[in-house]
Amino acid sequence: MTNTISNDLVLLTIPMRRDMELAAAQLASVIAESMSFNEQQVEEIQLATIESCINAFEHSKSPDQKVLTEFIMRTDELEIKITDQGIGFSPDNHSKKSNSKPDLHPEMRKRGWGLEIVHALMDKVQIMSNKNGTTISMVKCKDGTEEKDE
Amino acid sequence: MANKFDIQIRAEKQCAILETAGYLNDALGERLSKEAQELIEKGYTQLVINLDKTALINSIGISILIEIIEVLEQHDGTLNFCGLSATQERTFRMMAIAKYAGIFPDEKTAIANF
């Protein structure tokens, strides 16, 4: 695990191993608190970080089995980039099919929520994906306290 | 970084309370599901899951909570949640969990609303 601080950028590379998303979430929490995000915003940033990391762990099939997390601290916002070197995917065709038991209520499906949660909790989300990997860029603004429609 | 988790179970006359502590991921979720199944088999069909000591829940953990709701429905049972943070409650509502399970601020209210 590397942890480099340079100016307003913090980098952390995590292996795709059980619970390593918590390492990224904990760092996200420390950074967000240092930037004076409120408690709810910190929790939203943590959860979005967890879901983005899990998305990479579960779907990237990255040969190096690593995820790079970048935290870019700006005056009024925090940008987090989660990058893997996997096979990529089409965000528009992101599967909501479940590998678990069939859903009793389709609106309360069991899997495929990760990226929707990220979109709901962060102010800006951009997904760049090709056959060489995926980067999820998400931004939380300090004044972005308005709840978005879900 | 170890994820220490725990589940405390308290059975009352007509309902049972499962209080989780730690990160609710697949591991804690599976354990919670097993404990819930055992309670259902013993005849407890009104369950409360208290998440007050669970600061973080991932979507896999939530999917297991949905499975518990579905199992309870098949036994004409009900699941009420309490102790959720604002973000957790928002996520549960987004995932339509609030339509099929109760969400209450504390254990007392959750028990009173079966």
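The values are calculated or read from the model by the stated rules, or taken from the named source; none is laboratory data. Because the structure is a prediction, the values reported are computed rather than measured. We place every Cβ from the backbone using ideal geometry, glycine too, and count neighbours over all the protein chains shown. Keep in mind that these areas ignore ligands, DNA and RNA; they rest on the heavy atoms of the full protein, side chains included. Shrake-Rupley method; radii C 1.70, N 1.55, O 1.52, S 1.80 Å.
Residues of region B:64-114 that are among the acidic types (Asp, Glu) and within 16 Å of B:LEU39 (Cα to Cα): B:GLU67, B:GLU70, B:GLU73, B:ASP76. Among the residues making up region B:55-80, those that are more than 13 Å from the chain's Cα centre (by Cα) and of a type in the set (D, E, K, R) are B:GLU73, B:ASP76.
Of the residues making up region B:47-68, one or more are open to solvent by less than 30 Å² (accessible area, probe 1.4 Å), polar (S, T, N, Q) and either part of a strand (DSSP E or B) or more than 10 Å from chain A (Cβ to nearest Cβ) (or both). For region B:47-56, indicate whether the set of residues that are small (Gly, Ala, Ser) and touching a helix residue (DSSP H, G or I) at 6+ places or on another chain (Cβ under 6 Å) is non-empty. The answer is no, given that none of the residues of region B:47-56 is small (Gly, Ala, Ser) and touching a helix residue (DSSP H, G or I) at 6+ places or on another chain (Cβ under 6 Å). Answer with yes or no whether A:ILE45 is within 16 Å of the chain's Cα centre (by Cα), open to solvent by less than 90 Å² (accessible area, probe 1.4 Å) and under 18 Å from A:PRO15 (Cβ atoms). In short, no. For B:GLU41, the conditions (1) crowded, with 21+ Cβ neighbours inside 10 Å; (2) without any contact (Cβ under 8 Å) to a residue 12 or more places away in the chain; (3) farther than 22 Å from A:ILE117 by Cβ all hold with the exception of (1). Inspect all residues belonging to region A:121-132 and state whether any of them is closer than 18 Å to B:GLY61 by Cα, surrounded by 16 or more Cβ atoms within 10 Å (Cβ to Cβ) and modelled with pLDDT of 95 or more. Looking through region A:121-132, at least one residue is closer than 18 Å to B:GLY61 by Cα, surrounded by 16 or more Cβ atoms within 10 Å (Cβ to Cβ) and modelled with pLDDT of 95 or more. Restricting attention to region B:77-112, the residues being at the interface with chain A (Cβ under 8 Å from one of its Cβ atoms) and either in a strand (DSSP E or B) or hydrophobic (A, V, I, L, M, F, W, C) (or both) number 5.
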